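Here's the structure, in structure tokens; my notes come after.
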Amino acid sequence: MIWGVVSAVKVISAVRPVYAVLWLISAFLSVSAVFIFIGLVYMGFIMIIVYVGAIAILFLFVMMMLDQGKEEAGTPIVNIIPMGMIVGVGFLWVAATGGEWVGAYITQQNHSRGMIGGQPGGDIVAIGRVVYTEYSYMFIIVSYILLVAMVGAIVLTHRHGEYGPDEPMRQDVYIQTSRDIWGHPNQINLNSLGRYK
Amino acid sequence: MYSEMMLGGGVLGVILYGVYRPMYRWSVMVLLVYTGGLVGGYATADYCGFVKEAKDSLYMVGDNEWVWVLQIIAGIGLIGIVLMGERRGVELVLMMGLGTVLLIASVNWLSIYLAMELQTLSLFILVALKRESAYSTEAGLKYFVLGAISTGLFLLGCAMIYGGSGEMSVLAGNTISETINQWLIRGGVGKALITISLLFKISAAPFHMWAPDVYEGAPTITTALLATVPKIGVFAILVQIGSLSNIVFISATMSMIWGALGALNQSKIKRLLAYSGIGHMGFVIFGAGMGTMESIQASLIYMAIYVAMSVCVFSIILTINERRGLVADFHSLSRKNAILGGSLALVFLSIAGVPPLSGFLSKWFILWAGVSNGYYLICVGAVLSSVVAGVYYVRIVQMTYADFQGELAREGPIDIKRSILIGSTLYLVLFILICPNFLLQVTYDAAVGLWVHV
């Protein structure tokens, strides 16, 4: 918990964006540790796989692609504090008033349904049992959605007409290796930026 | 369930062999077989005692008349869209159709969410298909962001309902108020969020802001697709979950008024049709919100006739094939091609609701249901806004027939598939008022099936 709070504070106080993203990863890891400690193993692993494995890495890539110039003085943190106070107090209030009976309700649900506590092997086994039997149709539909994503990525990025009307995109190693990516940033070669081949 | 499995397998086959050659004909065949199977199954089933206890009916049902009839309408709409003749991205159209028929058949929040995602994700790609046009890219991005927002609202509502009731059937929301008083407000909020998200998808008025831009930027066939098929699926769900009627009524009234006023100033035909679609959706969800059997039957009739009219209008627009897409492109169409101009005029008069045509029939049923349920004020608003909306439809007709300017070049021959589409939908538009019994019987069965299965 303390680890998570410290990481979250470092996320907003880090000077370089890349460090902020690294602290964000650290915060995600601490949150997943909290999940695992309270018994939600599946949620913890999903936090790691989805947030750390995919989203934070995506952030890192975007950060690296951005041109990081000189640091400008951003908004002073004093301006953000009132908003942060409001949000934080709101969250604390919800946690203090609502958390108790929400928790009671959840434990009651778990007892009545035997969902998380009752299964041997924890929630991963329970979810696996349900997903592959009762919800198998849903599982198949998810696979269709992934297929749409794949087809869509190909359809949207497939270029027509560069190598002829029906020729697919080809790799050209010579053009790729001779691209001028190490040039001085002030002398950007517009030709090399405009063409992606 | 078997029909969806068949369509899913067909889609997979089309994609698999589409790697080697374009599978346009095969996708038409898949859709024809699917819809034909549905129609055949529906016609041969003894649909008075047809509802049976399906084993998997907890998560997906394909087994009542409501689902069947709506799937048939969606299948016919899909055939229309595919026959309009875009070869590129036809597998995505099939995927979207699969999402729509699954959405119609689902009775579980999880399956509704997944089917809606399948449908919407395919539409994002189809909207952004014209990559060289900045409008298309902008439309795709805008649709993507707003679709993501509405999906977020939907998931939040689902989470609230699931937290309140602990089950994922669509009927779960109704049991909340009876069992757990503490969660009453949260259950209501969840239902409201889900309703708002569905209104987003159907482009009803306070949540319509994406529609004109997306309609204008998308390729015309995708616009035709957006205007017809996904709305059928979302409408089916909006009726099935028993949405909060107050929100639906407010949205319906605003849609009718805004659809009438917003289109007055438009010069692009696709933007005009987007606002017209908003107005029509106002009528449809007005009937759905009333929640009686007559009103839902009336909305279903409205939806079916709206799909037929939209397919006809978009086929004509594609046939004219003006690059600018202005309303002014229709001028002197009756001189260039008298039959095409005549069909355009008739369809627009039907959309406006002029009596001998089918658009009048659907508006009449909705207003009838509204008056007999006592919603007088909304009915007066509906009549007034359809009078206002009549102005711009009749302006197009006037432009087709009376506004001669420029050269009178003869059009070339029309594509055979499009002319079949225009002819058959125009037949429905013209003659359904003479003998509406078939449509009435089918929609009556569908509305009854909605009551029996829950």
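Pull up the stretch B:171-205, narrow it to residues that are β-branched (Val, Ile, Thr) and modelled with pLDDT of 70 or more, then point me to the one that is surrounded by the fewest Cβ atoms within 10 Å (Cβ to Cβ). Residue satisfying both the conditions and the ranking: B:VAL189. Among the conditions (1) part of a helix (DSSP H, G or I); (2) at pLDDT 85 or above; (3) within 30 Å of B:LEU261 (Cα to Cα), the only one that B:THR443 does not satisfy is (3).
Conditions tested, residue by residue: (1) assigned to a helix (DSSP H, G or I); (2) touching a residue at least 24 places away in the same chain (Cβ under 8 Å); (3) touching a Leu at 6+ places or on another chain (Cβ under 9 Å).
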| site | (1), (2), (3) |
| --- | --- |
| B:ALA328 | yes, yes, no |
| B:GLY341 | yes, yes, yes |
| B:LEU346 | yes, yes, yes |
| B:LEU349 | yes, yes, yes |
| B:PHE360 | yes, yes, yes |
| B:TRP364 | yes, no, no |
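Within the stretch B:74-96, if we keep just the residues that are part of a helix (DSSP H, G or I) and within 12 Å of chain A (Cβ to nearest Cβ), the residue that is surrounded by the most Cβ atoms within 10 Å (Cβ to Cβ) turns out to be B:MET95. Of A:VAL11, A:VAL34, A:VAL18, all but one fail to be of a type in the set (Val, Ile, Thr), farther than 25 Å from A:PHE61 by Cβ, over 14 Å from the mean Cα position of the chain (by Cα) and in a helix (DSSP H, G or I); the exception is A:VAL34. Scanning the stretch B:124-135 for residues that are buried (at least 24 other Cβ atoms within 10 Å of the Cβ) and more than 10 Å from chain A (Cβ to nearest Cβ) gives a single hit, B:VAL127.
Take the residues of the stretch B:97-117 that are surrounded by fewer than 24 Cβ atoms within 10 Å (Cβ to Cβ) and modelled with pLDDT of 90 or more: which is nearest to the chain's Cα centre (by Cα)? Applying the filter and picking the extreme gives B:GLU117. Return yes or no: is B:SER332 within 23 Å of B:PRO230 (Cβ to Cβ) and either touching a helix residue (DSSP H, G or I) at 6+ places or on another chain (Cβ under 6 Å) or at pLDDT below 75 (or both)? No, not satisfied. Checked against the criterion of being in a helix (DSSP H, G or I), more than 9 Å from chain A (Cβ to nearest Cβ) and under 22 Å from B:ALA192 (Cα atoms), the candidates B:SER111, B:SER150 yield just one match: B:SER150.
Among the residues of this structure, B:GLU138 does not count as one that is of a type in the set (Asp, Glu), within 13 Å of chain A (Cβ to nearest Cβ) and in a helix (DSSP H, G or I). One residue alone among B:LEU16, B:LEU38 is modelled with pLDDT of 80 or more, on the phi < 0 side of the Ramachandran plot and not small (Gly, Ala, Ser), and that residue is B:LEU16.
Within the stretch B:264-285, residues that are farther than 13 Å from B:ILE351 by Cα sit with their Cβ atoms under 6 Å from residues that are surrounded by fewer than 24 Cβ atoms within 10 Å (Cβ to Cβ) and charged (D, E, K, R), at 6+ positions apart or across chains, in these pairs: B:LYS268/B:GLU216; B:LYS270/B:GLU216; B:ARG271/B:GLU216.
Flag: B:THR220 matches the condition of being touching a residue at least 40 places away in the same chain (Cβ under 8 Å), outside the structural domain of B:PRO436 (by TED's automatic domain parsing), surrounded by fewer than 24 Cβ atoms within 10 Å (Cβ to Cβ) and more than 20 Å from B:SER150 (Cβ to Cβ).
The values are calculated or read from the model by the stated rules, or taken from the named source; none is laboratory data. These figures come from a predicted structure and were not determined experimentally. As a convention, Cβ positions derive from the backbone with ideal geometry for all residues, glycine included, and neighbour counts pool all protein chains shown.
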